[in-house]
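Here is the structure we will look at.
The values are calculated or read from the model by the stated rules, or taken from the named source; none is laboratory data. All figures in this text were calculated on a predicted structure; none of them were measured in a lab. Here Cβ is always computed from backbone atoms with ideal geometry, including for glycine, and neighbour counts include all displayed protein chains. Heavy atoms of the whole protein, side chains included, go into the accessibility calculation; ligands, DNA and RNA do not. Shrake-Rupley method; radii C 1.70, N 1.55, O 1.52, S 1.80 Å.
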Amino acid sequence: RRTRRRDVRVRAMSDSSDNDCAVLANIGSRRTGDAEAVRGAAAHETTHLAKEPLARSDPEEYFRRVRALYAGSGAVILGNIMEWYDWTIYGSMEDLIADIFMGGRHEATWLVFAVPFVARPLGSLVLGWVGDRCGRTVALNIAIWGMAMSTCLQGCIPNGMPGAAGVLAGLRFISGISAGGEAAGVNTYMTEVGGAERDYTLAAAVGVNNVSGSMAFFLATFVSLMVHQLPRTEQLAWAWRLPFLAAAPIGIASVLLRRRMHETEAFEAVKAARLKAGEVRMARESDSPSTVDDGNLTLTISSGSGEEETSSSSAGIGNGADSTVIAPIQNAPVKEPSCVEAENLAKSSWRENSFSIGLAVVVLAAINSINYFPLYLVRWLQASCGFSAFDALLVAGLCKIVQLFMTLPVSFLGDRLGLTKTMLFGGALSTLSMFPALFLVLAVAGHEDEVSGDAASAPVGETPEPTAAAYAVAFVVLVGWLPIPMSLYSILSPLYLTSMFPANFRGRGAGVGLGLASLAGGFTPAICSILANHEAWLPGIFVTVLAIPSMSVIAWTRHAAARGSLRVHQRPWLF
């Protein structure tokens, strides 16, 4: 007869950026028997602890952390400017590119604009896998090289070269592959870096994407405005190259800064879990007891009927120690919880995440279309309302400046009220505003009944000059009002995207979801150009219709998460 008492405490901390919770299981058993020793039990129980948003409880501390966040995000912001600059400068120079490469065919020019967005899902898949396997910073450094080189080479294509349009499309395809990894990679990186307290400023963290995008749009618009001040012959001869070549210094600076970026805590945790899972499998396959120990995890696994099975871990995962929950459960079969936890973190399948990818595509398709609509707005104002190239670029540029200044207020609302509530409010306003805004500008310009047929594809300058009232209404509606609901709807969308996926699948899931959704945004200018050939107000209807299923899915996910039928992996307590 013998007596054995075993008490093994297993602590498996899930990544605080994913669940902001802790998992702690107690395994215990005690029994006296003639010739038997009864094994203990293992169980997991995860509890989300609701927190008080810092933006509500201590706004001063919240803004201090936001300032520190942005001060340390220079490499991310500058590199992401490179991504947005590429397609923004193409859109701003669309009138020149159409004459140089496409024989004046604007629909064909916008279709080439969409080429990178066709390539984005492929880039998201490849670089997302690199990010999940090799590291977030590795994927971001590869992406910046591809974007910088392809953008600069677009400005080196000789005028009149046979097949120049095909070369341009090929370079833009390469740019799209790189941008596919950059877009989701930046959002993933920003939501995972920052330590245990990052949950309180997650909305501000993804706001970096809007800051860099707005700055890139403004920079591209400014450069394009300077080019359009030159005589038309010089624009077509050589000046059109300058905006593309200007990407070189931005790319070089980004490459140098990104070499100093540190890996995120979430990826390091997944990497550690993956290594532990491999060690566990090797230990199970051995014929003798094996011990796996990395300082935080100790596993003694016996083959056959060995005496000891010990497991204790913090799994090297996350740092949300403030939400630890102890759940003692006894007399259940031994399942080696730390081994299972490590293997679960190290593996994730496409089948498990396909539904989340579908949700992300529906939500972000409309948001991407709204984000890229200001590019087409330049052409629409010229062809449909009679604006000059300078005035149309000025309206679009100021629209993006307003969006830039909306970053902090929207981030504050997202960190105070939650991202889905903020997005639904902004989406509703955008849906109700887009078509009336465009139609009002058309009406004041006096073209609501005139612009049909092929007017939108007519050469710029043939549409009658708008009145002063038309300029005033355009600035009030398109600059003073429309960017506000657009910002409320779109700025927090990267956080919605990354929240749908666990850390070990986030690079691929968020990348493919955003890449597929970007197809809608990439083809928005081409579709709007075709629609405007029939009625100038149809582009507003198109963007409005896209927003309806997007908002429906956001509302559904909000309620599903509240019921517990949909898992949210980042800050579920303020979703």
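The share of accessible area on region 496-535 that comes from carbon and sulfur is 75 percent, using a 1.4 angstrom probe.
Each label point was placed 7 Å from the Cα along the Cα-to-Cβ direction; for Arg133 and Leu245 their separation is 4.0 nm. Between Phe475 and Trp556, the contour length at 0.36 nm per residue exceeds the Cα-Cα span by 25.6 nm. Using the Cβ-Cβ distance between Glu197 and Arg351 with R0 set to 41 Å, the FRET efficiency works out to roughly 0.75.
The share of accessible area on region 136-251 that comes from carbon and sulfur is 78 percent, using a 1.4 angstrom probe. A simple spin-label model places pseudo-atoms 7 Å from Cα toward Cβ; at Leu230 and Cys156 they are separated by 1.9 nm.
Name all residues of region 409-445 having a backbone nitrogen under 14 Å from the label point set 7 Å from the Cα of Thr467 along its Cα→Cβ direction, giving them as ranges. It comes to 441-445, nothing else.
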